[in-house]
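Please read the structure below before turning to the comments.
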Amino acid sequence: MDYWMDHLIASSKQIPSMYQSVRSYLPGIKEEGLQPDYVGIRPKLGPPNTGFQDFVFRKDYAAAGDKKTGGPMISLLGIESPGLTSSLAIGEYVERHLVD
């Protein structure tokens, strides 16, 4: 079995199942707005042509910011290729500054 050919090639046949999965956390998404592209997640903090933006580390709470009723959620945003090289330092930062 060639995993790349079987699972990682973008195909419009995958859009209906992707739509069903994505709308569980983005309920307002429209299936017509989805199209095949490169396979994988490429996090971006700004629109195209805005230049480099550094990583963003953020701590939020599940219940609309209420620390008493919602558990913490740590978001690591904008981590592109340097993230692999920086992963140990990122982990240390998160543990020191964001974990209670």
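The values are calculated or read from the model by the stated rules, or taken from the named source; none is laboratory data. All values reported here derive from a predicted model rather than from experimental measurement. Neighbour counts run over all protein chains shown; Cβ positions are idealised from the backbone, glycine included. With ligands, DNA and RNA removed, areas are computed over all heavy atoms of the protein, side chains included. Shrake-Rupley method; radii C 1.70, N 1.55, O 1.52, S 1.80 Å.
Would you pick out the residues in the stretch 66-100 that are surrounded by 11 or more Cβ atoms within 10 Å (Cβ to Cβ), modelled with pLDDT under 80, within 16 Å of the chain's Cα centre (by Cα) and not in a loop (DSSP other than H, G, I, E, B)?
Answer for the stretch 66-100, where residues must be surrounded by 11 or more Cβ atoms within 10 Å (Cβ to Cβ), modelled with pLDDT under 80, within 16 Å of the chain's Cα centre (by Cα) and not in a loop (DSSP other than H, G, I, E, B): Pro82, Gly83.
Just checking, does the stretch 18-37 include any residue being open to solvent by 70 Å² or more (accessible area, probe 1.4 Å), at pLDDT below 90 and assigned to a helix (DSSP H, G or I)?
Yes, the stretch 18-37 has at least one match.
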